[in-house]
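Undergrad: Below is one structure. I have some questions about it.
Values in this text are rule-based calculations from the coordinates and carry no lab data. If you're wondering where the values come from, they're calculated on a predicted model, not measured in any experiment. Cβ coordinates were reconstructed from backbone atoms using ideal geometry, including for glycine residues, and neighbour counts include every protein chain displayed.
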Amino acid sequence: MEAWVVILLVCGGYLVLALGLGVWSGRTVSKSVTGYVAGDRTLGTLVLYFVLGASVFSSFAFLGAPGWAYSRGAAAFYIIAYGAVGMVPFYFLGPRARRVGEALGFVTQAEMLAHRYNSQALSVVLAVLSVVVFVPYLTLQMKGAGFLLATISNGHVPQWLGALVAYGVVLVYVFASGMMAIGWTNTLQGIFMMIVAWFLGLYLPFEFHGGVQPMFEAIAASDLRDMLIAPGLAADGSAWTWAGYSSAVVVSAVGFSVWPHLFMRAFTARSERTLKLTVVLYPTFQLFLVPILLIGFAGVLPFPDVAPADTIVPHLLTEIDLSPVLVGLVCAGALAASMSSGDAILHAAASIGLRDGIKPLVSGEMTDRRQRQWIRGLVVAISAAAYYFAVFSEVGIVALLLGAYGGVAQIFPLVFAAFYWPRATGAGALSGLLTGVSVNTLFLVAPTLRPFPLHEGVYGLIANLLVFVTVSLLTSPHAEARVAHYTPLHPEASAAG
């Protein structure tokens with residue numbers, strides 16, 4: 001049997017396991033919207049830990065992060081930096097969101113913000129922003145899965161078929177079991193990703209350099225020694241400034257804490273203690289990135305001309321003599337990275353699309369059954385849209401994703417003010433959000449307009465805050481009964497009002 005067939009069979013076995021676990025996990029959850037979207041708020045520390053970790057680390061972790069280390073050197077440490085501090089705001093915001101969500105029945109971020117600011121328009125804008133960001137993010141996961149299966153099969157499985165098979169599995173278990181499928185498959189995928197990452201991160205430096213220390217000593221003694229000096233290289237190959245590096249860390253950390261699919265996990269936790277404990281433990285998941293970056297550094301000297309840089313991992317795998325079964329397990333780990341983000345994104349995009357985009361525009365009440373039908377329909381529709389962009393469209397969707405963190409970061413002032421500034425108003429929140437997103441987009445597409453070499457999200461946040469505060473102070477405050485659910489002075493958050 002040819003090696004590629006064995007590798008493909010191992011990956012196929014992993015897909016079957018993920019499918020079975022995902023469908024099986026939904027057997028105990030209720031048939032309500034809360035059950036489908038928030039897992040009946042029953043997730044414990046272990047599952048929540050992997051949901052938060054595995055749903056963030058995606059194809060980028062196994063392809064993009066090593067590519068950054070390979071091509072940009074110390075700049076890749078930015079990923080660890082923002083990941084380590086990005087959950088700090090969530091330690092304070094998450095438990096409050098969980099408390100309000102349980103009291104008032106919220107399962108999405110925009111639902112909560114629309115209630116706090118008494119604005120259906122804000123709900124719809126947040127839904128549109130979330131889906132616009134999620135579709136290209138999901139597209140990249142599909143492209144990563146398709147590329148991987150096409151590569152390991154020596155082209156026998158075309159990229160369109162690889163993406164279809166991998167995300168056909170994701171579609172089925174998300175459609176069937178919702179949040180519980182994501183919880184249990186992310187646990188499996190997170191453990192698998194960690195094992196594979198540490199195996200490759202230690203094995204490849206040893207294979208090509210004799211170990212991790214000799215690898216860095218060799219780079220330090222070469223003409224590429226500058227790659228080891230922080231903050232590393234910018235995207236164009238020039239030296240990245242500390243201003244650009246630091247602002248990218250700040251914007252990414254701020255955006256990280258309010259990503260809609262990540263923030264939704266506050267509504268799934270069994271208790272506030274569970275959520276806080278998970279957030280405290282979360283930085284340990286960053287250890288997963290250490291071997292990932294070592295993989296990229298391992299290829300710097302022996303293979304200097306690999307292009308594009310994101311293909312360094314499959315390139316290195318073709319240069320070593322490993323058992324096809326081991327290569328299959330490694331590739332299955334890369335699939336796990338793609339699927340563990342893709343399922344969370346797909347589930348969140350459909351849930352937000354219905355609860356925050358469609359439901360506010362529909363007159364009358366929607367039953368639980370009807371909402372579940374809508375969400376499942378959106379799961380299929382969003383999957384189809386992302387698949388189209390992944391396989392058939394030539395639209396530069398990667399460029400759109402580059403501004404995702406800057407755009408998502410504009411939600412942070414709204415979430416923070418919801419809990420800590422009673423004077424904030426809906427008009428201020430909506431005006432600030434639209435201004436911040438517009439300014440972020442302007443400096444993203446026209447970087448030469450930036451007065452300083454800072455991340456475009458910084459300019460968006462400055463404009464956002466100025467408009468948010470000014471308009472809030474010029475408009476009438478909300479009724480105390482509404483604000484009382486959110487402010488620290490009224491932590492009980494009763495269901496009245």
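Undergrad: Only counting other Cβ atoms within 10 Å, I'd like CYS11, CYS331 sorted with the fewest neighbours first. Could the numbers behind the result be given before it?
TA: Details: CYS11 28, CYS331 25.
With the sparsest Cβ surroundings first, the list reads CYS331, CYS11.
Undergrad: On to the next question. Sorted by average packing, counted as other Cβ atoms within 10 angstrom per residue and highest first, what order do 100-106, 429-435, 258-264 take? Spell out each step's value before the answer.
TA: On the way: 100-106: 19.4, 429-435: 22.4, 258-264: 24.6.
Averaged packing, sorted descending, gives the order 258-264, 429-435, 100-106.
Undergrad: Which order results if THR268, THR151, THR448 are arranged by neighbouring Cβ count within 10 Å, fewest first?
TA: Details: THR268 26, THR151 22, THR448 5.
Lowest to highest Cβ neighbour count: THR448, THR151, THR268.
Undergrad: Here's something else I'd like to know. Tell me, what ³J(HN,Hα) does each residue in segment 264-271 have, in order and in whole Hz, if you take phi through Karplus 6.51 cos²θ - 1.76 cosθ + 1.60 with θ = phi - 60° and put x for Gly and Pro?
TA: 4, 5, 4, 7, 9, 5, 5, 7
Undergrad: Let a ≥ b ≥ c be the square roots of the eigenvalues of the Cα gyration tensor of segment 1-126; is it rounded (a/c under 1.5), or, if not, prolate (a/b larger than b/c) or oblate?
TA: On the way: a/c = 2.51, a/b = 1.35, b/c = 1.86.
Since a/c reaches 1.5 but b/c is at least a/b, the shape of segment 1-126 is classed as oblate.
Undergrad: Another question about this same structure. Using the per-residue mean of other Cβ atoms lying within 10 Å as a proxy for protection, in what order, highest first, do the peptides 244-251, 283-290 fall?
TA: 244-251, 283-290
Undergrad: I would also like to ask the following. For a quick protection proxy, order the peptides 28-41, 469-482 by their average other-Cβ count within 10 Å, most packed first.
TA: Values: 28-41: 20.2, 469-482: 13.9.
Going by the mean number of other Cβ atoms within 10 Å, highest first, we get 28-41, 469-482.
Undergrad: How many angstrom lie between the C-alpha centres of segment 278-294 and segment 429-444?
TA: Answer, in whole Å: 32.
Undergrad: A further question follows. Given H placed on each backbone N at 1.01 Å, which residues far from LEU233 in sequence or on other chains put an amide H within less than 5 Å of it?
TA: Close amide H contacts, sequence-distant or interchain: ALA74, ALA75, TRP240.
Undergrad: I'd like the Karplus ³J(HN,Hα) series for segment 315-321: coefficients 6.51, -1.76, 1.60, θ = phi - 60°, whole numbers in Hz, and an x wherever there's a Gly or Pro.
TA: 5, 5, 5, 6, 9, 10, 9
Undergrad: Separate question: Where does the charge balance sit around TYR70 when Lys and Arg score +1, Asp and Glu -1, over other residues with C-beta under 15 Å from its C-beta? All intermediate terms of the calculation are to be shown ahead of the outcome.
TA: Values: positive: ARG72; negative: ASP226, ASP305, ASP310, GLU319.
Once positives and negatives cancel, what remains is -3.
Undergrad: Quick one: check the C-alpha center-to-center distance for segment 105-184 versus segment 342-359, whole angstrom.
TA: 8 Å
Undergrad: A follow-up question, please. Under the rule of at least 5 residues apart or a separate chain, name every residue whose amide H is placed under 5 Å from the amide H of VAL107.
TA: Close amide H contacts, sequence-distant or interchain: none at all.
Undergrad: Taking amide H positions as placed in the peptide plane 1.01 Å from N, state which residues far from LEU301 in sequence (5 or more) or on other chains have amide H under 5 Å from it.
TA: Counting only residues 5 or more places away or on other chains, the set is empty.
Undergrad: Helix-only estimate, please: 222 nm mean residue ellipticity of the chain, summing -39500 (n - 2.57) across DSSP H runs of length 4 or more and dividing by its residues, to the nearest 500. The partial results should precede the final answer.
TA: On the way: 24 runs with 336 residues, N = 497.
Calculated mean residue ellipticity at 222 nm is -22000 deg cm²/dmol.
Undergrad: Could you derive backbone 3J(HN,Hα) for segment 223-233 from the dihedral phi with the Karplus parameters 6.51, -1.76 and 1.60 (θ = phi - 60°), listing whole Hz in sequence and x where the residue is Gly or Pro?
TA: Taking θ as phi minus 60°, the curve returns 6, 9, 4, 5, 5, 8, 9, 5, x, x, 9 Hz for segment 223-233.
Undergrad: Taking log10 I(q)/I(0) by the Debye sum over Cα atoms at q = 0.08, 0.11 Å⁻¹ straight from the coordinates, which label in (1) -0.63, -1.00; (2) -0.48, -0.91; (3) -0.56, -0.96 is the correct one?
TA: Here the calculated entry is (2).
Undergrad: For PHE90, what charge total do you get from the other residues with a beta carbon under 12 Å from its beta carbon, if Lys and Arg give +1 and Asp and Glu give -1?
TA: Values: positive: ARG96, ARG98, ARG265, LYS276; negative: none.
Local net charge: +4.
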